[in-house]
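The values are calculated or read from the model by the stated rules, or taken from the named source; none is laboratory data. Every value quoted in this text rests on a predicted model; they were computed, and no experiment measured them. Methodologically, a virtual Cβ is constructed for each residue, glycine included, from the backbone with ideal geometry; neighbour enumeration extends over all protein chains shown. All accessible areas refer to the heavy atoms of the entire protein, side chains included, with ligands and DNA or RNA removed. Shrake-Rupley method; radii C 1.70, N 1.55, O 1.52, S 1.80 Å.
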Amino acid sequence: MYLYNSATHKKEEFKTHTPGHVEMYTCGPTVYHFAHIGNLRSYIMEDVLEKYLRFVGYDVNRVMNITDVGHLTSDADEGEDKMLKGAKREKKTVMEIAQFYTDAFFADCAKLNIKTPDVVQPATGLIDDYIHIVSSLIEKGFAYVAGGNVYFDTSKLQRYYIFNDHNEEDLAVGVREGVEEDTNKRNKNDFVLWFTKSKFEDQALKWDSPWGVGYPGWHIECSGISMKFNGEYLDLHCGGIDNAFPHHTNEIAQSESYLGHTWCPHWFHVLHLNTNDGKMSKSKGEFLTVSLLEEKGYDPMAYRFFCLQSHYRKGLVFSWENLDNATVAYNKLLAKIAALNPAGEVDAAAADELKAKFTKAMDNDLNTSMGVTVLYDVLKAKTNDATKCHVIGEIDGVLGLKLLEKAAELREKQAKLAAQPAVFTVVSEDGEENAQVEALIRQRADAKKAKNFTEADRIRDELKAQGIEITDVAGGAKWKRV
């Protein structure tokens, strides 16, 4: 299996510290607002990755954080804490906000068939772990206290920028518009490990620490949570591309300085979902959520299908027209699967051959668009329906499109419609009501359905003798006096 590694900028064979086992970490949401569908694209692709690793035989331990403190609005060390901002907006406590939007996030994940990770840890639950790591970094000379805060000293690193070759001048402290220089920093790239009241007087959540009452920085939380539940050696770290700098860059710096060895060799980043107007953002007012898609009549599975039709390392443009096209394609796929008869014996050799096509596609940097194409190859394959259904079920265990479940629902719906008696409507073109005439017209229709054309002709002639002319139309008949 080959995956693109953001840290080395190339596709590499995926290997793990312990053969057959994957320690996987996913950057979770900051729960101050609803997740928009751009956020959820990353979680869909990470879900497919986890399910595929299990499909090819790995034992996976996937860990996700829930950020409920310490994430500032700039994603670095400037601005307001996002959780406090959300609490002020809705006039609730930070913990009320956190619980509400955590529940909303996992409800959206359920609608999109995203598996809940093995471990989900709110950042506020491991404060002592962060304090221990920060204390160790100070002892080792990688961190310092200034102005009441604790900073990581990036000058002690041989290499700070991992994912991008940044221009040093572009990141100088204070040159970014609207960013006030933090005079406590020794170096412009240093970042905060622990904030005290010197940063915010009104911070809602704060804890005692050796450096004063305060709270952890966003970056130290992910390192602490991963080390707690993944151990010292992480195999695979996932997130949206916007997390690469500064968040993931800072995670590497502090984790490897603390551990004294390479922490995570493989980094998996999902590119943005954009609209025609640019990057999707919560700061633009109304934003696209799963609930909004449902309100407009879209199945969340159609959105998942839309995402899987593109590669995770390509930017994806969302429009209602594109989602409409994905919905049509998804429904057509369901209709083809619903037409299969799942009963019968599976041809193991044919099934293995078809599944091998799928693994070949997915082994090439998780190529979900080719993985979806294999579904159509399965439908066209020269094998029985039972084998096709079996393979589709196996593949969909990775893609997560609920294909067999939705196809079964469609079959049931079609069967109910077929079992319903056809509605035969009789209408007078002149608006006249005549129960006797209408009864004869219905008797004639029943005779035709029974292929008793002699009786049907007799009734027609009887009506004609009464001056009644019949015109057959779709779903019924019209009549008038002539």
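Quickly rank 323-336, 224-237 as a protection proxy: mean count of other C-beta atoms within 10 Å, highest first.
Ranking the peptides 323-336, 224-237 by packing returns 224-237, 323-336.
Kindly express, to the nearest 10 degrees and within the range 0 to 90, the angle between helix 435-449's C-alpha long axis and the longest C-alpha principal axis of the chain.
Orientation of helix 435-449: about 80 degrees from the principal axis.
Using the Cα centre of the chain as the reference point, and only Cβ charges (+1 on K/R, -1 on D/E), how large is the resulting charge dipole? Debye, rounded to the nearest 20.
That gives the chain a dipole magnitude of about 1380 debye.
Within segment 1-118, what whole-number % of the accessible surface is contributed by carbon and sulfur, with the 1.4 Å probe and all protein chains included in the calculation?
C and S atoms contribute 53 percent here.
Report, to one decimal in Å, the Kirkwood hydrodynamic radius for the chain based on all distinct Cα pairs. Present the calculation step by step, with values, prior to reporting the outcome.
Numbers: mean 1/r = 0.0379 Å⁻¹.
It is 26.4 Å.
A 30 angstrom limit on the alpha carbon distance is what I want to check against. Which of 92/185; 360/380; 82/402 exceed it?
Correct reply: 92/185; 82/402.
First select every other residue whose beta carbon is under 13 angstrom from the beta carbon of residue 62; then total the charges, Lys and Arg +1, Asp and Glu -1. Walk me through the intermediate numbers first.
Working: positive: 51, 54, 115; negative: 23, 46, 47, 50, 59, 118, 235.
That works out to -4.
For segment 393-482, what D do you get in µm² per second when you plug the Kirkwood radius from alpha-carbon pairs into Stokes-Einstein at 37 °C and 0.692 mPa s?
204 µm²/s
Can you tell which of 303, 195, 163 lies farthest toward the positive end of the dipole of the chain, using +1 and -1 charges on the Cβ of basic and acidic side chains (Lys, Arg; Asp, Glu)?
Selected residue: 303.
Strictly over 26 Å apart at the Cα level, which of 11/357; 413/480; 85/296 would you flag in this model? Write out the running numbers ahead of the final one.
Values: 11/357 20 Å; 413/480 37 Å; 85/296 29 Å.
Checking Cα-Cα distances, 413/480; 85/296 exceed 26 Å.
Per the Kirkwood formula on distinct C-alpha pairs, the Rh of segment 234-349 is how many angstrom?
It works out to 17.8 Å.
Taking +1 at the Cβ of each Lys and Arg and -1 at the Cβ of each Asp and Glu, which of 141, 65, 312 sits farthest along the dipole of the chain towards its positive end, judged by Cα position relative to the Cα centre?
Working it through, the farthest residue towards the positive pole turns out to be 312.
At a 1.4 Å probe, what is the % contribution of carbon and sulfur to the accessible area of segment 250-389?
Ligands and nucleic acids excluded, carbon and sulfur give 49 percent.
Counting Lys and Arg as +1 and Asp and Glu as -1, each charge on the Cβ, what is the dipole of segment 287-418 about the Cα centre in debye, to the nearest 20?
So the magnitude is around 240 debye.
For residue 188, give me every one of the lysines with a C-alpha distance below 17 angstrom, ignoring sequence neighbours fewer than eight places off in its own chain.
156
What distance in nm separates the two pseudo spin-label positions at residue 465 and residue 353, each 7 Å out from Cα along the beta-carbon direction?
Spacing of the two 7 Å Cα→Cβ label points: 6.8 nm.
For the chain, what proportion of DSSP beta bridges, expressed in % and rounded to the nearest 5, is antiparallel?
On the way: 25 of 52 bridges.
Percentage antiparallel, nearest 5: 50.
For the chain, what is the accessible area per residue in Å², given a 1.4 Å probe and the full set of protein chains?
On a per-residue basis, 46 Å².
Mind checking which aspartates and glutamates have their C-alpha under 18 Å from residue 478, skipping anything on the same chain fewer than 8 residues away?
By straight Cα distance, residue 478 reaches 429, 430, 432, 433, 438, 446, 457, 461, 462, 469.
Highest mean first, what order results for 19-32, 416-429 on Cβ atoms within 10 Å?
19-32, 416-429
Which of 440, 218, 74 sits farthest toward the positive end of the charge dipole of the chain, with +1 on the Cβ of Lys and Arg and -1 on the Cβ of Asp and Glu?
So the residue furthest toward the plus end is 440.
Taking the 0 to 90 degree range and rounding to the nearest ten, how far is the long axis of helix 368-380 tilted relative to the main principal axis of the chain, both from C-alpha atoms?
Result, in degrees: 30.
Please state the charge dipole magnitude for segment 325-368, taken about the Cα centre, from unit charges on C-beta atoms (+1 on K and R, -1 on D and E), reported in debye and rounded to the nearest 20.
Here segment 325-368 has a charge dipole of around 280 debye.
Can you pull the percent of segment 395-437's accessible area that's carbon plus sulfur, 1.4 Å probe, other chains left in place? Intermediate values should be presented prior to the final figure.
Values: 1480 of 2780 Å².
That share works out to 53 percent.
Place a label point 7 angstrom from the Cα of residue 473 along the Cα-to-Cβ direction, then list the residues of segment 413-455 whose backbone nitrogen is under 11 Å away.
Under 11 Å, as judged by backbone N against the label point of residue 473, lie 425-431 of segment 413-455.
Using per-residue counts of other Cβ atoms within 10 Å, averaged over each peptide, order 394-403, 287-296, 207-216 from highest down. Write down the numbers at each step before the final one.
Working: 394-403: 20.1, 287-296: 15.7, 207-216: 17.9.
Per-residue Cβ counts within 10 Å, averaged per peptide and sorted highest first, yield 394-403, 207-216, 287-296.
Run lengths n ≥ 4 of DSSP H only: what is the helix-derived mean residue ellipticity at 222 nm for the chain, with -39500 (n - 2.57) per run over all residues, to the nearest 500?
On the way: 15 runs with 206 residues, N = 482.
It comes out at -13500 deg cm²/dmol, rounded to the nearest 500.
What is the helix-to-structure angle for 385-399, meaning the angle in degrees between its Cα long axis and the longest Cα principal axis of the chain, kept from 0 to 90 and rounded to the nearest 10?
On a 0 to 90 degree scale, this one is about 30.
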